[in-house]
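Reviewing the structure listed below.
Values quoted throughout were computed directly from the atomic coordinates according to the rules given, and no laboratory measurement underlies them. Being a predicted model, the structure only gives us computed values, none of them experimental. No Cβ is skipped: glycine too gets one built from the backbone with ideal geometry, and neighbour counts run over all protein chains shown.
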Amino acid sequence: MEEVATKKIELRNLELEDYLGLKEAMIKAYSGGGVTHWNKRAIDKLLDIFPDGQLCVVVDGKVAACALSIIVDYAKFGDNHTYQQITGKETFSTHDPDGDVLYGIELFVHPKYRGMRLGRRLYDARKELCENLNLRSIIAGGRIPNYKDHSDELTPRQYIQKVKLKELYDPTLTFQLSNEFHVKKIIKHYLPEDKESKEYATLLEWNNIYYQEEERLINLPKDVVRVGIVQWQMRLFRNFEALIEQVEYFVDAVSDYKSDFILFPEFFEAPLMADYNHLGEARAIRELAGYTGALRDKFIEFAVSYNVNIITGSMPKVEDDGHLYNVSYLCRRDGTWEKYQKVQITPSERDAWGMVGGSKVKVFDTDCGKVGILICYDVEFPELARIYADQGMQILFVPFLTDTQNGYNRVRLCAQARAIENECYVVMAGCVGNLPRVNNMDINYAQSAIFTPSDFAFPTNAVRAEATPNTEMTVIADVSLELLKELHEFGSVNTLKDRRTDLYKVLLKK
């Protein structure tokens with residue numbers, strides 16, 4: 001390739017005065033491909049209806065590369081369309097300023113300037129335009145010019161797969177894949193005059209992770225979410241009302257900081273079991289379960305009156321089937337609520353109390369994103385969090401109760417692993433201190449914390465905030481859901497995207 005000495009490279013919007021240079025560059029770019037150049041009338045039309053969408057790179061005053069686009073209401077076309085249909089037979093009558101997709105109708109680089117990454121500049125500018133216009137995605141039909149050399153032995157699908165795996169090189173497709181586009185499907189007869197591609201094309205898409213479906217003045221989706229944790233000191237209470245008074249104290253204190261969520265620990269209400277300790281462990285826990293309905297109703301009341309979403313820690317509950325479950329409630333500030341039953345029951349819960357495990361793992365929608373709940377031992381089983389992640393979970397809440405530092409570290413280390421492998425935040429809250437006269441609850445150890453993924457946008461130790469060990473206190477911190485979106489797409493590694501789903505997957509049977 002001829003070496004080019006350049007003085008100035010400029011990325012800007014195309015102008016009609018650039019037409020002769022554009023025509024020359026396009027003829028050179030498509031030499032031998034059967035693709036003709038754009039006429040001046042078409043360029044004039046594009047500049048009239050959508051000047052911001054027509055981009056070029058000028059090198060030393062000459063057009064070296066160009067990208068043309070329109071906006072379409074993609075639902076009117078769907079994935080089965082031709083180039084002529086999407087461009088209105090090149091009249092661009094399909095351009096819709098109120099559409100949702102930026103459709104790339106052309107991108108080429110003069111052969112003399114290839115190797116200078118000019119195409120990447122144009123792709124980056126298109127992405128910036130898509131984000132600024134709040135469009136859902138960029139879609140384009142892509143040529144596969146090297147397919148002509150392999151069409152005798154490979155189907156288009158096989159060819160594309162080999163290009164993805166870098167076993168074959170295609171000057172167009174390889175470049176598009178490296179710019180974060182993915183192939184939606186293969187289209188036949190998309191561009192009939194494209195003999196190099198054997199009339200096949202790839203339908204490519206780049207998703208705008210910042211897209212907002214509609215503009216609202218209130219109740220906008222939150223980027224920054226404020227999370228509050230209650231690290232609860234075990235103490236004896238004279239009655240149920242005294243415990244509720246302590247609960248409301250923490251809800252009031254944390255909500256004063258405009259928190260969006262409050263998380264309580266597992267079995268924080270266990271002090272109420274003291275009056276039944278003489279009945280034996282199994283009977284005492286069922287007596288404690290008698291408070292659960294009233295306690296849940298109080299949490300619902302507090303969630304509304306203090307305008308905060310509350311994860312109630314967990315509490316024993318005898319369900320309609322007569323079995324005893326370990327249950328956590330999500331009490332939303334709009335007055336609605338849902339429950340989660342602990343799936344993985346510990347040997348102690350099973351043997352001492354006769355508890356059974358739940359069978360539902362479903363993400364919860366809130367006004368601050370999608371959340372999941374796992375109770376203590378649950379978080380030591382990575383399958384459960386992965387099922388949540390597949391449902392779009394952004395924050396995982398883990399109320400826990402551990403007696404020793406060994407037990408605590410099992411929960412903590414597994415919680416940190418869940419944050420990294422599922423690219424989400426994990427918030428854990430535990431109880432501290434001693435509780436005399438209550439079997440199975442006599443000593444407690446905790447250091448509540450908020451964990452993050454491990455990448456440049458997050459703390460280097462992947463800990464957003466944490467409590468002082470074994471001290472009653474609250475922890476309040478902000479987490480950014482926008483950073484999670486960016487991590488999913490642009491992280492140093494992509495632990496969710498890179499899973500070998502062709503080899504393994506996690507399924508919920510029920």
- Task: Multiply the residue gap between Leu165 and Asn409 by 0.36 nm, knock off their C-alpha separation, and tell me the result in nm, one decimal place.
- Result: 83.8 nm
- Which whole-angstrom value gives the distance between the alpha carbon centres of the range 245-263 and the range 443-504? 22 Å
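Which order do the peptides 55-67, 489-501 come out in when sorted by mean C-beta neighbours inside 10 angstrom, highest first?
Details: 55-67: 20.7, 489-501: 12.7.
Taking the mean over residues of other Cβ atoms within 10 Å, the ranking is 55-67, 489-501.
Using the beta-carbon distance between Lys497 and Arg120 and R0 = 30 Å, what value does 1/(1 + (r/R0)^6) give for FRET efficiency, to the nearest 0.05?
On the way: r = 21 Å, r/R0 = 0.69.
Step by step, r from the Cβ atoms, then E = 0.90.
How big is the Cα convex hull of the chain in projection, averaged over all directions, in nm²?
28.5 nm²
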- Okay, which of the range 68-103 sit inside 13 Å, backbone N to the point 7 Å along the Cα-Cβ direction of Glu489? 102
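Figure the gain on full extension for Asn277 and Asp478 (residue separation times 0.36 nm, minus the Cα-Cα span) and round it to one decimal in nm.
Working: separation 201, 0.36 × 201 = 72.36 nm, distance 4.05 nm.
Stretched fully, the Asn277-Asp478 segment lengthens by 68.3 nm.
Using helices alone, what [θ] at 222 nm do you get for the chain, with -39,500 (n - 2.57) per DSSP H run of 4 or more residues, divided over all residues and rounded to the nearest 500?
Numbers: 12 runs with 130 residues, N = 510.
That calculation yields -7500 deg cm²/dmol at 222 nm.
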- What distance in nm separates the simple spin-label points at Gln84 and Thr468, each placed 7 Å from Cα in the Cβ direction? 7.7 nm
- Message: Test of understanding: ordering His488, His278 by Cβ neighbours within 10 Å, fewest first, what list do you get?
- Response: His278, His488
- Relative contact order of the chain, defined on C-alpha pairs under 8 angstrom at six or more residues apart (%): 11 percent
- How many times 2.2 N^0.38 Å is the alpha carbon radius of gyration of the range 224-490? 0.93
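How would you rank Phe451, Phe240, Phe456, going from fewest to most other Cβ atoms within 10 Å of each one's own Cβ?
Details: Phe451 27, Phe240 15, Phe456 9.
Ordered by Cβ neighbours within 10 Å, fewest first: Phe456, Phe240, Phe451.
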- Message: If I take the Cα coordinates of the range 157-262 and project them onto the principal axes, what are the three extents in Å, biggest first?
- Response: 84, 36, 20
- Query: Per 5 Å bin, what is the whole-percent P(r) computed from every C-alpha pair distance within the range 354-450?
  - Reply: 3, 14, 23, 21, 18, 12, 7, 3, 0
- Message: With the crude spin-label approximation of a point 7 Å out along Cα→Cβ, what separation in nm comes out for Ala253 versus Glu213?
- Response: 3.9 nm
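So between Glu199 and Leu20, what do we pick up on full extension, going 0.36 nm a residue minus the alpha carbon distance? Walk me through the numbers before you get to the answer.
On the way: separation 179, 0.36 × 179 = 64.44 nm, distance 2.81 nm.
Working it through step by step, the gained length comes to 61.6 nm.
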- Task: Kindly work out what percent of the DSSP beta bridges joining two residues of the chain are antiparallel, to the nearest 5.
- Result: 70 percent
- Task: Quote the relative contact order of the range 224-490 in percent (integer), defining contacts as alpha-carbon pairs under 8 Å separated by 6+ residues.
- Result: 22 percent
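Got the relative contact order for the range 9-207 handy, in percent, Cα pairs under 8 Å and 6 or more residues apart?
Numbers: 346 pairs, mean separation 40.4, N = 199.
Over the range 9-207, the number comes to 20 percent.
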- Message: Among 466-474, 361-369, how do they line up by average Cβ neighbours within 10 Å per residue, starting with the highest?
- Response: 361-369, 466-474
- Query: Which whole-angstrom value gives the distance between the alpha carbon centres of the range 322-380 and the range 121-168?
  - Reply: 44 Å
- Estimated distance in nm for a label pair at Asn134 and Arg157, the labels positioned 7 Å out from Cα along Cα-to-Cβ: 3.9 nm
